[in-house]
1. Which order do the peptides 71-80, 32-41, 56-65 take when ranked by the mean count of other beta-carbon atoms within 10 Å per residue, highest first?
2. In whole Hz and in residue order, list the ³J(HN,Hα) couplings for region 30-42 that follow from phi through the Karplus curve 6.51 cos²θ - 1.76 cosθ + 1.60, θ = phi - 60°; x for Gly and Pro.
3. According to a simple spin-label model (label point 7 Å from Cα along Cα-to-Cβ), what is the distance in nm between SER29 and PHE96?
Amino acid sequence: MKSTNRRESVIALLVWVSAGLVVQAETPSFAEASKPFQYDSSAPLDLKEVSVEPREGAIAHEVSYASPKGGAVTAFIVIPEGKGPFAGIVYQHWGFGNRNEFLPETLLMAKAGAGLYFGRWSLEQTR
């Protein structure tokens, strides 16, 4: 029984010390935290519409545009049928996923009145 209490006390002490270290971690400034999102806003977008397809109460625009890291980003812009304005939602796939994995969800959101964007970025473009 004493061994169990000692073990619990040691674990509690480690959790308490760890929590203190996390709290003391310095929060980066806004300028530092926003560096990964900086880009040259004067660079040409080179937007190209690849296809337009009516889909279940929405219109899916397949597009590509120039990546600020080189190459092209392929994406879908899904717009509800009817007259806007529409709310906007941005989807981003995980790791090695692709832009097609969210198409069913975006069609449901478009039926509810939201305009959606989801694209594909390669790992090479983010380095």
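1. Numbers: 71-80: 18.4, 32-41: 8.4, 56-65: 16.2.
Final packing ranking: 71-80, 56-65, 32-41.
2. Values per residue, Gly and Pro as x: 4, 4, 5, 5, 8, 3, x, 9, 6, 7, 8, 5, 8 Hz.
3. Result for the modelled spin labels: 3.9 nm.
Where a number appears in this text, it was derived from the coordinates with a stated rule and is not lab data. What you see is a predicted model; the values in this text were computed from it and never measured. As a convention, Cβ positions derive from the backbone with ideal geometry for all residues, glycine included, and neighbour counts pool all protein chains shown.
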